[in-house]
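K.L.:
What follows is a single structure, and I will ask about it in a moment.
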Amino acid sequence: MKIVEVGVGDAIVRYDVEGETTVGADEVLLDGDDDLTRSAAWAADGYTVAPFLDDACYRQLVEGIRRLLFDLAEPHLPIAFEQFQMDRYHEWVQSNDVHLKIAYANRDGFAVDRLPIDVALVERRVSELCGAEVRSMGVFCVRIVRPGVRSDNNPPHRDVWL
């Protein structure tokens with residue numbers, strides 16, 4: 001057994017690891033792989049904030065996602081769809097066990113044909129923003145991040161295509 005220490009913010013997290021451990025090479029994996037952001041105007045920053053959908057498409061997307069999320073949560077909710085608002089999810093789903101059941105039901109995502117808007121709109125806009133043509137892999141996911149629950153959030157990162 002080996003005790004591993006990792007700095008997280010100002011704290012040191014210690015945990016036990018069984019089995020052989022190794023340290024990877026001092027390299028940036030992205031340097032040897034496709035970087036879809038390489039030719040984007042915002043590549044050096046690593047992200048951008050940009051207009052994405054027109055108002056009608058945005059409303060259609062939000063309403064459709066609200067329906068998908070409600071359908072996952074409905075067995076655990078004391079309310080009807082008309083009352084359900086995504087920004088109040090945490091008020092209706094207060095049990096961590098229930099939330100994890102809902103998250104587990106969404107873990108593999110939804111087939112892209114269930115996306116409430118035409119996926120071609122998303123592909124086209126992301127392609128414009130990245131400066132490279134992108135296509136959907138056939139699924140999309142909905143992440144539910146409850147206020148004050150740090151374990152729900154995984155900050156944005158750039159390794160998704162590796």
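The values are calculated or read from the model by the stated rules, or taken from the named source; none is laboratory data. The structure displayed is predicted, hence computed values, not measured ones. Here the Cβ positions follow ideal geometry from the backbone for every residue, glycine too, while neighbour counts run over all protein chains shown. For the accessible areas, the whole protein counts, side chains as well, though only heavy atoms, and no ligand, DNA or RNA atoms are used. Shrake-Rupley method; radii C 1.70, N 1.55, O 1.52, S 1.80 Å.
K.L.:
Of Phe110, Trp92, Val6, which is farthest towards the positive pole of the chain's charge dipole, taken about the Cα centre with +1 and -1 on the beta-carbons of Lys, Arg and Asp, Glu respectively?
P.N.:
Going by the Cα projections, it comes out as Trp92.
K.L.:
In whole percent, what relative contact order does the chain give with Cα contacts below 8 Å and a gap of six or more residues?
P.N.:
The normalised contact order for the chain reaches 24 percent.
K.L.:
Follow-up. Taking the Cβ of Leu100 as the center, what net charge do the other residues with Cβ under 14 Å away carry, scoring Lys and Arg +1 and Asp and Glu -1? Write down the numbers at each step before the final one.
P.N.:
On the way: positive: Lys101, Arg107, Arg143, Arg146; negative: Asp97, Asp152.
The answer is +2.
K.L.:
Can you compute 3J(HN,Hα) from phi for each residue in the stretch 12-28, using the Karplus curve 6.51 cos²θ - 1.76 cosθ + 1.60 with θ = phi - 60°, rounded to whole Hz and x for Gly and Pro?
P.N.:
Computed from phi, the couplings for the stretch 12-28 are 10, 9, 10, 8, 8, 10, 9, x, 6, 10, 9, 10, x, 5, 7, 8, 9 Hz.
K.L.:
Only helical DSSP H runs with n ≥ 4 go in: add -39500 (n - 2.57) per run for the chain, normalise by residue count and round the 222 nm mean residue ellipticity to 500 deg cm²/dmol.
P.N.:
Helix-only estimate at 222 nm: -8500 deg cm²/dmol.
K.L.:
Using a 1.4 Å probe on the protein chains only, how many percent of the accessible area of the stretch 1-92 belongs to carbon and sulfur?
P.N.:
Taking all protein chains in place, the stretch 1-92 shows 51 percent carbon and sulfur surface.
K.L.:
Ok, one more. Show me the ranking of peptides 63-76, 81-94 by mean Cβ neighbours inside 10 Å, starting with the highest.
P.N.:
With the highest mean Cβ count within 10 Å placed first, the list reads 63-76, 81-94.
K.L.:
Skip the ligands, DNA and RNA, and give the accessible area per residue of the stretch 49-162 with a 1.4 Å probe, whole Å². Provide the component values of the computation, followed by the final result.
P.N.:
On the way: 7730 Å² over 114 residues.
That works out to 68 Å² per residue.
K.L.:
With the cut-off at 1.5 for a/c, could you classify the chain from its C-alpha gyration tensor as rounded, prolate or oblate?
P.N.:
It is oblate, given that a/c is not under 1.5 and a/b is not larger than b/c.
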